[in-house]
Amino acid sequence: MAQFMKVGSRAEFEDLEAGKLVEAGGHRVAVFNVGGSYYAIESACPHRGGPLAEGMVAGEEVICPWRGSRFNVKTGSVLTPPAQQGVKSFPVRVTGDDVEVEVDLQSGVSSP
């Protein structure tokens, strides 16, 4: 069952040069503010588990700080190797001042 969960306020996501790691329903999620729009993807790079929330953001891309794989923050698609697959993306909405991420509570598994 999918449900939106509050992961912070809009103020917490302002002026970020990288993403922000949050936990929602057992999922470790990287949330990005790109020009006032919010996006969320799995936090762990599938190549070696690098922390995507700590990666540098360039436009709509995040660069894994460990090996340099690039991912689209909107879709989770892998754009450059060494990662061979993308990561899951999560719907995000803003309700008032709250930033909320939709997660599947039945499949919540924390990534390393």
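Values quoted throughout were computed directly from the atomic coordinates according to the rules given, and no laboratory measurement underlies them. These figures come from a predicted structure and were not determined experimentally. Don't worry about glycine lacking a Cβ; one is built from the backbone with ideal geometry, like all the others, and counts go over all protein chains shown.
Observations, loosely collected:
- Under 14 Å of direct C-alpha separation, and excluding same-chain neighbours fewer than eight residues apart, Lys88 reaches these aspartates and glutamates: Glu42, Glu102, Asp104.
- Segment Ser77-Val34, length gained on full extension (0.36 nm per residue, minus Cα span): 13.8 nm
- Close amide H partners of Cys45, meaning residues 5 or more places away or on another chain with modelled amide H under 5 Å apart, are Gly50, Leu52.
- For Met56, net neighbour charge (Lys/Arg +1, Asp/Glu -1) across residues whose Cβ lies under 12 Å away: -2
- Distances between placed amide hydrogens fall under 5 Å for Ala24 paired with Val29, all partners being 5 or more residues away or on another chain.
- Charges were assigned to the Cβ only: +1 to each Lys and Arg, -1 to each Asp and Glu. The resulting dipole of the chain about its Cα centre is roughly 420 debye.
- Neighbour count of at most 10 Cβ within 10 Å plus DSSP loop: longest GluC sites (Glu not before Pro)-free window in the chain: 18-112
- From the coordinates shown, mean projected area of the Cα convex hull in nm² corresponds to which of (1) 8.5; (2) 6.1; (3) 9.8: (2)
- Dipole of the range 1-64 computed with +1 at Lys/Arg Cβ and -1 at Asp/Glu Cβ about the Cα centre; of Ala58, Val29, Phe13, farthest Cα towards the positive end is Val29.
- Taking 16 Å as the straight-line reach from the Cα of Lys6, the lysines in range (excluding those fewer than 8 positions away in the same chain) are Lys20.
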